[in-house]
Amino acid sequence: MKEILETIIKNLVNRQDAIEIKEIEDEKSIVFEVKVAEEDMGKIIGKQGKIAQSIRTIVRAVSNKKDKKVTVEFIG
């Protein structure tokens, strides 16, 4: 899951070296905290948050095999 998320984000940003993805997992959920360069944040979120929502949808679809709630948070 993390690899898919990383691949998607790498293809959206200019500064790939600034990407940080932190995975926090407990019994019921997995949270991915995504941090990118400040100038790339707009590319990740998109107009009205549509790209961010699409990324979350893809990650949730991939995670359906695990019985955990998956959340993607974008940190500025």
Complete set of residues in segment 62-76 that are within 13 Å of the chain's Cα centre (by Cα) and not β-branched (V, I, T): S63, E73, F74, G76
Filter result for K10 (of a type outside the set (F, W, Y), surrounded by fewer than 15 Cβ atoms within 10 Å (Cβ to Cβ) and more than 11 Å from the chain's Cα centre (by Cα)): no
Where K65 falls short, out of the listed (1) at pLDDT 95 or above; (2) basic (K, R); (3) surrounded by fewer than 13 Cβ atoms within 10 Å (Cβ to Cβ): (1)
Scan of segment 32-57 for residues that are exposed (fewer than 15 other Cβ atoms within 10 Å of the Cβ) and over 16 Å from G76 (Cβ atoms), ordered by number: K47, Q48, K50, Q53, S54, T57
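The values are calculated or read from the model by the stated rules, or taken from the named source; none is laboratory data. Worth saying up front: this structure is predicted, and the values here are computed from it rather than measured. Using ideal geometry, Cβ is built from the backbone for each residue, glycine included, and neighbour counts are taken over all protein chains shown.
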